[in-house]
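Just so you know, all these numbers are worked out from the coordinates, no wet-lab data involved. As the structure is a computational prediction, the values presented were derived from the model and not from experiment. Note that we place each Cβ from the backbone using ideal geometry, even for glycine, and neighbour counts take in every protein chain shown.
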């Protein structure tokens, strides 16, 4: 099993990626109708980033519970 410290470091990276995806989606929405063709791709990236972040948070929580922290 991945060390808890490594999981926390990965969680920080995923959080930054999710935040960037959110900002990309926000910027796209503000500029509409320019680049409307990219809505699906940008939204899919944001969706995947938050899905990855949620999964890693759950894995970290389980690892911490298993370690008795």
With criteria (1) in a helix (DSSP H, G or I); (2) loosely packed, with under 14 Cβ neighbours inside 10 Å; (3) without any contact (Cβ under 8 Å) to a residue 24 or more places away in the chain, residue 24 comes up short on (2)
Only one of 51, 59, 46 is loosely packed, with under 15 Cβ neighbours inside 10 Å, out of contact with any strand residue (DSSP E or B) (no Cβ under 6 Å at 6 or more places or on another chain) and assigned to a helix (DSSP H, G or I), namely 51
